[in-house]
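Reviewing the structure listed below.
Every read-out reported here was derived from the displayed coordinates using simple, explicitly stated rules and does not represent laboratory data. The structure displayed is predicted, hence computed values, not measured ones. Glycine gets a Cβ as well: all are built from the backbone with ideal geometry, and neighbour counts include every protein chain shown.
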Amino acid sequence: MDGSKLDGKTVAEHIIDFLERRDVRHVFGLCGHTNIAVLAAMAESPIDFVTVRHEQIASHAADAYARVQGRASVVLSHLSPGLTNCATGVANAALDCIPMVVIAGDIPTHYYGKHPHQEVNLHADAAQWEIYRPFVKRAWRVDRADLMAEILEKAFHLAESGQPGPVLVNVPMDIFSEVIPSDTFDRVAKNTSALKKSSIDDVTAGEIVEALARADKPVAYVGGGILLAKASEELREFVDHMGLPVAHSLMGKGALRDDHPLVMGMTGFWGTELVNQTCLDADYVFALGTRFKEADCSSWYPGYTFNIGAEGNDTKVIHIDIEPQEIGRNYPTEIGAVADAKAALRVLTRVAKEMYPDGFARTEKKAEIAAFRESFKASNVEMQSSAAFPMMPERILADTRKALPEDAIITTDVGWNKNGVGQQFDILTPGSILTPGGFATMGFGPPGAIGAKLAAPDRVVISLVGDGGFGQNPSMLATAVELDLGIIWLVMNNNAFGTIAGLQKAHYGLTYGTMFPGSPDAPTNGPGYAEIAQAYGAEGVRISSADELLPALRAAIARGKPTVLDVPMINNPTPTTGHWNILDIYSPDKDVSHVST
């Protein structure tokens, strides 16, 4: 044994011991001279280091990993460029309330103020940690080795409690290497690993149940908080008993199976007429785990999705959320309760069954929902069965749904694969769709699939992504091949940043800077994504007719190897019934949509 370590372990070794005790199985990141002490300590550990070619891949993969596992993921980053490369993925996790602990190396403490190699200090010395302040729940700079245990313990608790989110633990490299006794880590090892979640009392539950029972046209409006709380079963039991039609935000997609008889679909700009009109007509909106975000609420304009607070409208809101700042932020609230969604729904269901043991059928609303589904699907049949090539996006999604098992995990990106999926693609296992919502980050989906597959190795994982999103970080293929992860990346290739191209064409009559070189009607002149996949050692298939996709998908699932399917696609718009304020900004006083056909 090294004589310098006879009295203890290095801080880096203590950190790995701490992570093992928390049952951490994977750490995502990229090496640098400031963090190799941690990698050395991890080398003989049961923890696997998922090494990537770009730090943004690490943070997106860790984001998806946390969504599937339901607890904080861990990212290990180098200083400065490593930390800034990582930032987009961490910010994406922050805006979607995903728990994550980022451990970053920094310059040695004895070089503070000297501007050593790679330090960011143009405004203040030893200030690297401040880069993350706008989007993490808290950022710590570890100034003494004996504080490491306490800070790590606080970091995990904060990341996972309340409204979850990422935190940063910034560690100078000399502190990683300092030898310390185990007493501070021994002390925190006696602490609980998870805090109990808050609920509501019976009186509050009774008020909520009574209001919903009296309502003529109540609506349950659910967001991503249901999925974060793993409360899908509790939600199903409550809405079934109360007979509540269910609308959801983009992030609430998959809170219940899309074929549940009370599920109407996604609200807002990309919402359907049924869900938006039902929300407009509601006398009570029972909101659970949602922020009432702009796109989900048609930029909060009355007359499109919600009339809450509008002159002459008496729609009332009951809002339950784990974060008090979300309640009343965008709409006036009659009853607001700060609570965990899972815990609150358990109480609500028990009280509802005591107060109204027979429940509420609302058969007319169920019939309306069923009829709308049939008519909406019928309106899409032509597109979903079209033999056109490049393919119709509706056909791509329909064939993908046919090929996938019900519990497959789908990661989306931005564009058709997010908006169209939210509107038209049935999710049949709660929590099986992972979407970049608040930050809407292009490039999330492909590396997110890596994290999802590592968290759920026995499930089929597919990334639905545009060619713009896939091109952000194709080097994630190297990690997938090295780990032999049987992921499918389906590139919906319209040779463009298609959604923005449609927006620009509608308002400015051109597509400058939004289309890639080549014909927009036949996107075959761009990069060879199948060949890129093959160069990395993955399977690569370029689809050349509409009828090839479904068998190619089934073959890829059966093969169980990393596979890229390059699918040329027509840049059709996702139909909308809501509104988005940017339309007014670009074309004031004109009725101009976001697309031009």
Legend entry - Inter-centroid distance (Cα atoms) of region 264-341 relative to region 109-156, Å: 39
Legend entry - At least 24 Å along the helix axis (C-alpha) and Kyte average at least -1.0, DSSP helices within the chain: 363-384
Inset, instruction - Provide the gained length on full extension for the span Glu406 to Glu323, in nm with one decimal, where the gain is 0.36 nm per separating residue minus the Cα-Cα distance. - result: 26.7 nm
Inset, instruction - Enumerate the lysines that Lys590 could reach by cross-link, defined here as Cα to Cα under 18 Å, with residues fewer than 8 away along the same chain left out. - result: Lys505
Inset, instruction - Using R₀ = 30 Å, calculate the FRET efficiency as 1/(1 + (r/R₀)^6) where r is the Cβ-Cβ separation of Glu354 and Lys230; round to 0.05. - result: 0.75
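I'd like the chymotrypsin sites (Phe, Trp or Tyr not before Pro) in region 117-172 restricted to DSSP loop residues with at most 13 other Cβ atoms within 10 Å, sorted by number. Mind showing how you got there, number by number?
Numbers: sites: Trp129, Tyr132, Phe135, Trp140, Phe156; in loops: Phe135.
Hits after loop and neighbour filter: nothing returned.
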Inset, instruction - List the relative contact order of the chain as a percent without decimals, with contacts defined as Cα pairs under 8 Å and 6+ residues apart. - result: 13
Legend entry - Within region 553-597, trypsin sites (Lys or Arg not before Pro) in DSSP loop having at most 11 other beta-carbon neighbours inside 10 Å: Lys590
Legend entry - Across Lys253/Lys402; Lys293/Lys353; Lys342/Lys418; Lys253/Lys366, pairs whose alpha-carbon gap is larger than 24 Å: Lys293/Lys353; Lys342/Lys418
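Checking the a/c ratio against 1.5 first, then a/b against b/c, what shape does the Cα gyration tensor give for region 202-367?
Details: a/c = 1.32, a/b = 1.24, b/c = 1.06.
Rounded, since a/c falls under 1.5.
Counting only C-alpha contacts under 8 Å and six or more residues apart, can you give the relative contact order of region 189-299 as a whole percent? Before the final figure, lay out each step's value.
Details: 158 pairs, mean separation 34.9, N = 111.
Relative contact order for region 189-299 comes out at 31 percent.
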Inset, instruction - Quote the relative contact order of region 366-509 in percent (integer), defining contacts as alpha-carbon pairs under 8 Å separated by 6+ residues. - result: 21
